[in-house]
Amino acid sequence: MTKVRERSDMGTRSSEFRIGFLVHDVSRLRQILFDQAMKPHGVTRAQWWTLAQLSRSGGEGMAQAELARHLGLGKVAVGGMIDRLEGGGLVERRVDAEDRRINRIHVTPRGHAMLDRMVAVGRRLNRTILDGLPAQDLAVADQVLTRIRRNLRAALDDKG
């Protein structure tokens, strides 16, 4: 009886351990496909990821420090990224209305057009990636991953 339970526990532990690898691999492979699809548009992974984060600012733009925190990068690295995006006409720096020492980074009309392309590319990729998966399986996956993300954010908040 003990050996059966040990094997059962081993299977559970293996599944718990494996989920991290699967989530990472799925994300990594999707990023590679997205990179390949965006390359003809002249946008690198770091650039599209930065634009995606900026698009979530609700039109208010983001301070460089805030953007760096969202991207998990240093302010200097993000400063260089902003320089390149600004050089391509995809973003612009504007002085913060409340604190003139802060520049807020805003997506330009050209940047919004690039975001629209990114959304179209993402939708095309999703059709390929999700092909053959029943809607109920997708709903369960969405619920599970949303809960995992919530747990991760709570754990990070507890540590911070």
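Quick rundown of the values:
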read-out	value
Segment 62-72: number of residues that are touching a helix residue (DSSP H, G or I) at 6+ places or on another chain (Cβ under 8 Å) and surrounded by 15 or more Cβ atoms within 10 Å (Cβ to Cβ)	6
Among the residues listed as 155, 63, the single one being over 30 Å from residue 21 (Cβ atoms) and not acidic (Asp, Glu)	63
Residue 51 being in contact with a Ser or Thr (Cβ under 9 Å, 6 or more places away or on another chain) and either on the phi > 0 side of the Ramachandran plot or among the hydrophobic types (A, V, I, L, M, F, W, C) (or both)	no
Count - residues of segment 124-143 that are among the acidic types (Asp, Glu) and outside any helix (DSSP H, G or I)	1
Count of residues meeting criterion [in a helix (DSSP H, G or I), closer than 16 Å to residue 112 by Cβ and within 18 Å of the chain's Cα centre (by Cα)] in segment 62-92	1
Of residues in segment 1-56 being part of a helix (DSSP H, G or I), small (Gly, Ala, Ser) and modelled with pLDDT of 85 or more, the one farthest from residue 106 (Cα to Cα)	20
Some residue of segment 61-80 being within 16 Å of residue 48 (Cβ to Cβ), among the acidic types (Asp, Glu) and at pLDDT 90 or above	no
Residue list for segment 57-69, filter: out of contact with any Leu (no Cβ under 9 Å at 6 or more places or on another chain) and more than 10 Å from residue 107 (Cβ to Cβ)	58, 60, 63, 64, 65, 66, 68, 69
Segment 91-109, subset without any contact (Cβ under 8 Å) to a residue 24 or more places away in the chain and of a type in the set (Val, Ile, Thr), residue surrounded by the fewest Cβ atoms within 10 Å (Cβ to Cβ)	95
Test: residue 59 is surrounded by fewer than 16 Cβ atoms within 10 Å (Cβ to Cβ), of a type in the set (Gly, Ala, Ser), more than 13 Å from the chain's Cα centre (by Cα) and part of a loop (DSSP other than H, G, I, E, B)	yes
Among (1) surrounded by 15 or more Cβ atoms within 10 Å (Cβ to Cβ); (2) closer than 26 Å to residue 20 by Cα; (3) aliphatic (A, V, I, L, M), the one test that residue 148 misses	(1)
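The values are calculated or read from the model by the stated rules, or taken from the named source; none is laboratory data. Model, not experiment: these values are computed from the prediction. All Cβ positions, glycine included, derive from the backbone under ideal geometry; neighbour counts span all protein chains shown.
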